[in-house]
Amino acid sequence: MKKLILLPWTLLWISCSSSIQPDPIDHDEHSFARPEEVVVTHLDLDIEVNFTKKELTGKASLSIKNKKNFRQLHLDTRGLAIHKVTIGKEEKSTAFQLGNPVRYLGQELIIDIEPSTDLVNVYYSTGAEADALQWLEPAQTADKKHPFLFTQSQAILARTWVPCQDSPGIRMTYSARVKCPTELWAVMSAENDTVKNDEGIYTFKMTNPIPAYLLALAVGDLKFQSLGQRSGVYTEPSVLGRAAYELADTEKMIEAAEKLYGPYRWGRYDLIVLPPSFPFGGMENPRLTFATPTILAGDRSLVSLVAHELAHSWSGNLVTNATWNDFWLNEGFTCYFERRIDEAVFGKEFAEMEAKLGEHDLLEQIKEFGPDSADTRLWLNLHGRNPDDAGSDIAYDKGYSFLRLIEEKVGRDRFDQFLKKYFNTFAFQSMTTKKFIAYLREELIQGDLELEKKIRIDEWAYQTGLPDNCPKPQSDAFTNVEEQVRSWMTGKPAKELMSTNWSTPEWRHFLRSLPATMKKTQMDELDAAFKFSKSGNSEIIFEWLNHVIVNKYEAGYPQLETFLTSMGRRKFLKPLYQKLAETQDGLQMAKKIYAKARPMYHAVSTSTIDEILKWKA
Ligand code: BES
Ligand code: ZN
């Protein structure tokens, strides 16, 4: 019976996808690990943080499970100096070898083990090319008094600070002991103390199994403030008040998330607001989201970033993309979940505006890649590529649109039940695109051919471009914004536009809807009316600066330089430097600014900008 039901789907599968459907590779080609032979189940880290040498030194003890008398353990490393390796509690020394360095993948570390070995101790130090680590001078922090260190392990940078099986398909629990200068405080993506101690020794425990890309550490002059029963924020003392104000809705978001897709399984949810060079908006390190200070707008208008990182506690941290080819399973699901939290906490109008902004990003991204580009598919083929260079808005916004489409076709209740069950069924497991689609068909489509035809699953997952059944978010507020732009363009003075009480998404949309090229007098008028050059909101400044560059609006150059030299968030840097690089004058200016700013940026950002400006470090 089951086979008969399956048949039409199989035919559909073959008919839509015979030529375009790549053979999904479940194997993670971005890791040297061989989990099918020997798998690491627990990491115990004992490290010292040396700010003078800009080095972590210590020991990683890995508990392993040998699947069948294998005699070698294969780990990922990059730039690590391996001092010695021992096996067992008794620390019997053992032979190891480092493979040849492979670009961005690093070096395979092969360790001799015995069939009965259950513990491997690696003594090591990090190297100068530890791209996960950013060592900040006091001048690069908010308070300018103490140095700061933070890590960024996603996608394949954990191996630059811990020898490990650095694949999202492999999970381990971890414990750690971190020694740092006594005036500083160390926190990790684990159970943290909420008070600083005087010894400079901190211990951590993560009892849920996680993939290596969620290993995280930050060390600095930190203070903590509670935000609610199970949430709080760490940051530098002078930022704490602002951060706590901005993040006041965190507890509400956790509650909204739980109501949607089941209990939050990680205990506490804290955030750390990092110095401005943090290359991302946020990073979903378990129990401790890492966040950029550029979300501190002063009016809580950019906190959907918290909804996003929090949502990853289900989509990503609980059910994890098995390989980076399946990245959309992390980010697309998270964007969908994020907007559902937005809707629950801030209302439908706000969530729809966010969805419209995402739709715009998606269309722009497809335009940039070209609709036939393989990078517009949800399932990616990152063969031979660095996953850290290949992330794009496709995973986020095409992923979001796909899930929204399913929701629209089956109804919200059914879809919510499905998602809740999905997160529970596959909790603490990894997921491939193929496996998700099989589960979707089994649980939700259930042989309904009409539904199959309405959704067109394989086209969404495996084909390029945007299917024509893509849902279209609707926002009356944005329609009004567009009307105001039209009025202005047909002669109505800017200061008379109906823009009172506009929220941040409306301003962003307004700026995005302005004509691509404008005269100096028009830019002057807009700025006089709306004070974009004085804005303290990073998203608004960013949109405005795009116009400053394209229109060579010289009055905006000081602000442009200030923005580019005061934060290192790649999402802002990349498009601005790209736009600058389009003209000769712009390129000159970009290089001048970059020379000043580059020492402040994180390796994640410099690797992107170096390429745009053809910069030789
Ligand atoms: N996990 C990502 C950040 C990431 C992706 C780091 C790929 C390394 C490789 C994080 O959850 C994220 O998506 N951050 C966004 C914020 C968001 C609100 C879309 C960012 O940093 O802009
Ligand atoms: Zn994300």
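No value in this document is a laboratory result; all are computed from the given coordinates. Quick caveat: nothing in here was measured; it's all calculated off a predicted structure. Note that each Cβ is placed from the backbone with ideal geometry, even for glycine, and that neighbours are counted across all protein chains shown.
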Remind me, relative contact order of the stretch 94-199 in percent, using alpha carbon pairs under 8 angstrom and six or more residues apart?
16 percent
Which FRET efficiency value, to the nearest 0.05, is calculated for L451 and E364 with the Förster distance at 30 angstrom and r the Cβ-Cβ distance?
0.45
T41 long-range amide H proximity, modeled H, under 5 Å
S63, I64, K65
Dipole magnitude of the stretch 482-613 about its Cα centre, charges +1 at Lys/Arg Cβ and -1 at Asp/Glu Cβ only, in debye to the nearest 20?
280 debye
Can you tell me how the stretch 215-366 classifies by the Cα gyration tensor, rounded, prolate or oblate, using a/c under 1.5 as the rounded cut?
rounded
Sticking with the crude label model, points 7 Å out along Cα→Cβ, report the distance from A438 to D143 in nm, one decimal please.
5.3 nm
Can you bin the chain into rounded, prolate or oblate? Criterion: square roots of the alpha carbon gyration tensor eigenvalues sorted a ≥ b ≥ c, rounded for a/c under 1.5, prolate for a/b above b/c, oblate for the rest.
oblate
Does the stretch 316-462 come out rounded, prolate or oblate by the C-alpha gyration tensor, with a ≥ b ≥ c the root eigenvalues, rounded set by a/c under 1.5 and, if not, prolate when a/b is larger than b/c and oblate if not?
rounded
Over the alpha-carbon set of the stretch 198-239, work out the extent along each principal axis and list the three values in angstrom, largest first.
34, 28, 18
Distance check, please: which entries in K205/K434; K435/K571; K53/K84; K520/K592 exceed 27 angstrom between their Cα atoms?
K205/K434; K435/K571
Separation between the E554 and D416 pseudo-spin-labels, each 7 Å from Cα along Cα→Cβ, expressed in nm?
5.8 nm
Rounded to the nearest 0.05, what FRET efficiency is calculated for Q97 and S487 with R0 set to 51 Å and r the Cβ-Cβ distance?
0.15
Listed peptides 316-325, 411-420, 143-152 by packing density, highest first (mean Cβ within 10 Å)
316-325, 143-152, 411-420
If you take every residue apart from L80 with its C-beta less than 11 Å away from the C-beta of L80, what net charge results, scoring Lys and Arg +1 and Asp and Glu -1?
-1
What 222 nm value per residue comes from the helices of the chain, counting each DSSP H run with n ≥ 4 as -39,500 (n - 2.57) and dividing by all residues, nearest 500 deg cm²/dmol?
-11500 deg cm²/dmol
What residues of the stretch 203-246 lie in the reach of a label at D299, counting those whose backbone N is under 17 Å from a point 7 Å from the Cα along Cα→Cβ?
245-246
Tell me, in nm to one decimal, what length is gained between D26 and T52 on full extension, where the rule is 0.36 nm per residue of separation less the Cα-Cα distance?
5.1 nm
Would you mind putting 124-137, 58-71 in packing order, based on average other-beta-carbon counts within 10 Å, highest first?
124-137, 58-71
Each label point is 7 Å from the Cα along the Cα-to-Cβ direction; what then is the distance between the points at T207 and T173, in nm?
0.7 nm
Starting from 0.36 nm per residue, how many nanometres of slack lie between K348 and E255 once their C-alpha separation is accounted for?
31.8 nm
Dipole-positive endmost among F280, T334, L363 within the chain (Cβ charges, Cα centre)
F280
Fewest-first ordering of I170, I111 by Cβ atoms within 10 Å yields I170, I111
Once you have the Cα-Cα distance between R71 and E561, take 0.36 nm times their residue separation minus that, and quote the gain in nm to one decimal.
170.8 nm
Each residue of the stretch 500-506 in turn: what ³J(HN,Hα) in whole Hz from Karplus with 6.51, -1.76, 1.60 and θ = phi - 60°, glycine and Pro shown as x?
4, 6, 4, 8, 3, x, 5
Semi-axes of the equivalent ellipsoid for the stretch 491-548, please: Cα gyration tensor eigenvalues, times 5, square-rooted, ordered largest first, whole Å.
16, 14, 11
When W266, W502 are ordered from fewest to most other Cβ atoms inside 10 Å of their Cβ, what list results?
W502, W266
